[in-house]
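Report on the following structure.
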Amino acid sequence: MTASTDLIHAGIILAGGSGERFWPLSRHLRPKQLLRLTDPDRTMLQEAVDRLAPVISPERVFVVTGRHLQEPIQKARIGLDAANILAEPSKRNTCGALCFAAASLMARYGDPGAIVMAVTTADHEIPDSEAFGATVRTALKAAASGDALVTLGIQPTRPETGYGYIQAHEAVGATDGREVFPVSAFHEKPNRDKAEDFIEAGGYFWNSGMFFWKVSSFLGEMEMAQPVFAEATRQMAEAIAKEDEAETIRIFETLEDISIDYALLEHAKQRLMVRADFPWDDVGEWSALDRTHPRDARGNVAIGGPILEESQDCIVYNEAGPERIAVAAVGVRDLVIVVTDDAVLVVPKSEAQSVRKAVQRLREDGRPQV
């Protein structure tokens, strides 16, 4: 067994999403992770890189994204070398992305038993970076000390139907003062009644989508749950090491389009969870700004200097600013209104998840605003 002092900690930031639910601000070449949605000075991807910096050195932090975003991310100057922007050959969901990431790390560092992956995402708001870093260190230690796949569970604050849930057993111990729990089950996004049952029962946590494991543990569990993916990962590692791009693409494109939760985590034998006590939000669509931005006395979030009169509980985002475009909302409530140079969105907050339907229509019509 590799000594813990010899282990290589590598950070993986998943940044391949299209961010369609943040249209019209998000576009094909400027998705959510390249927007300043939660910090006026930094993109969400930059925030993700900065959060990992105190825990993992930048030369070992990698962004996994789509090929069409490789150049925009490099131009965003997020503090990583161009070689650390890993472009998937095509879209194969989170399981394919993480197999590609594991193969890239094996090609670079060798022994999969000596590499511990910290998998995070580029679209979460985590305002307490210090608490985040401490929790990540705990999760890395838990992953390094055995062969378990480790995840972070968020203590629920409401019966949320937009997140998956982790069902945990009683804690088996603590690392650095943080309890570590065996995982009983992963549950998909529930309906309202089921979410309320989870909250009432206790022992259920939001699935943060952040994972920690030795690459050898990942491959071992994958071998049992999805042997085709395990073998493809090893083959891709060999092809990447030989700089054989054509072979890497060929292998990758044989993979099924499936999430890591469905493919692996729901079937894995050794699963642990570290409870994350830091504030967290999966900024998934426009209504999330209610939770991530200050509101005025009438519950409105106003960005970019819009005028709001007799309006309540609205989110109004004027990308151009008041000097270029005057935006006003009068006598409305519970709406999301977004104005850019070439597009306008108006949608009830309760339907914010459906913005991607408009994006699909625009794409079908060949509109340039996507």
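The values are calculated or read from the model by the stated rules, or taken from the named source; none is laboratory data. Everything numeric in this text was worked out from a predicted model, so none of it was measured. A quick note on method: Cβ atoms are made from the backbone with ideal geometry, for glycine too, and the neighbour counts reach across all protein chains shown. Surface accessibility is based on the protein's heavy atoms, side chains included, excluding ligands, DNA and RNA. Shrake-Rupley method; radii C 1.70, N 1.55, O 1.52, S 1.80 Å.
Which value, in Å², gives the accessible area per residue of the chain when a 1.4 Å probe is used on the protein heavy atoms?
Result: 45 Å² of accessible area for each residue.
What is the percent carbon and sulfur in the accessible area of the range 36-178, measuring with a 1.4 Å probe over the protein chains and ignoring ligands?
The value for the range 36-178 is 45 percent carbon and sulfur by accessible area.
Can you tell me how the range 1-126 classifies by the Cα gyration tensor, rounded, prolate or oblate, using a/c under 1.5 as the rounded cut?
Verdict is prolate for the range 1-126.
Amide H to amide H under 5 Å from G19: which residues, 5+ apart in sequence or cross-chain, H placed 1.01 Å off N in plane?
For G19, whose amide H was placed from the backbone, the distant partners under 5 Å are K32.
Cα convex hull of the range 256-370: mean projected area in nm², to one decimal?
Averaged projected area of the range 256-370's Cα convex hull equals 11.0 nm².
List, in order, the whole-Hz ³J(HN,Hα) value for each residue of the range 54-64 obtained from phi through the Karplus relation with A = 6.51, B = -1.76, C = 1.60 and θ = phi - 60°; use x for Gly and Pro.
Taking θ as phi minus 60°, the curve returns x, 9, 10, 5, x, 5, 10, 9, 10, 9, 9 Hz for the range 54-64.
Mind putting a number on the dipole of the range 32-138 about its Cα centre? Charges go on the C-beta only, +1 for Lys and Arg and -1 for Asp and Glu, and I need it in Debye to the nearest 20.
Taking the Cα centre of the range 32-138 as origin, the dipole is about 360 debye.
Direction-averaged shadow area of the convex hull around the Cα atoms of the range 152-261, nm²?
Spelled out: convex hull of the Cα atoms, projected over all directions, averaged, 9.0 nm².
Taking the Cα centre of the chain as origin and charging only Cβ (+1 Lys, Arg; -1 Asp, Glu), how large is the dipole, in debye to the nearest 20?
Computed charge dipole of the chain: roughly 340 debye.
With no solvent and one equal point scatterer placed on each C-alpha of the range 242-291, evaluate the Debye formula and give log10 I(q)/I(0) for q = 0.16, 0.21, 0.25 Å⁻¹, two decimals.
-0.86, -0.91, -0.97
Carbon and sulfur: what percent of the range 223-353's accessible surface (1.4 Å probe)?
About 48 percent, which is the carbon plus sulfur part of the accessible surface.
Going by average Cβ density within 10 Å per residue, which order do the peptides 11-24, 167-180 take, highest to lowest?
In descending order of packing, they fall as 11-24, 167-180.
Excluding L308 itself, what net charge comes from residues whose Cβ is under 9 Å from its Cβ, given Lys and Arg +1 and Asp and Glu -1?
-2
Net charge around N93, counting only other residues with Cβ within less than 12 Å of its Cβ (Lys, Arg = +1; Asp, Glu = -1)?
Counting the neighbours of N93, the net charge comes to -2.
So what's the gap between the Cα centers of the range 310-327 and the range 179-234, to the nearest angstrom?
Value for the Cα centre distance between the two parts: 40 Å.
Using the beta-carbon distance between H267 and E196 and R0 = 25 Å, what value does 1/(1 + (r/R0)^6) give for FRET efficiency, to the nearest 0.05?
0.35
Between T254, T135, T157, which gets the highest mean-square fluctuation from a Gaussian network model of the chain, Cα cutoff 10 Å?
Of T254, T135, T157, the Gaussian network model singles out T157 as fluctuating most.
Could you pull the Cα extents of the chain along its three principal axes, largest to smallest, in whole Å?
Projected onto its principal axes, the Cα set of the chain covers 66, 49, 34 Å.
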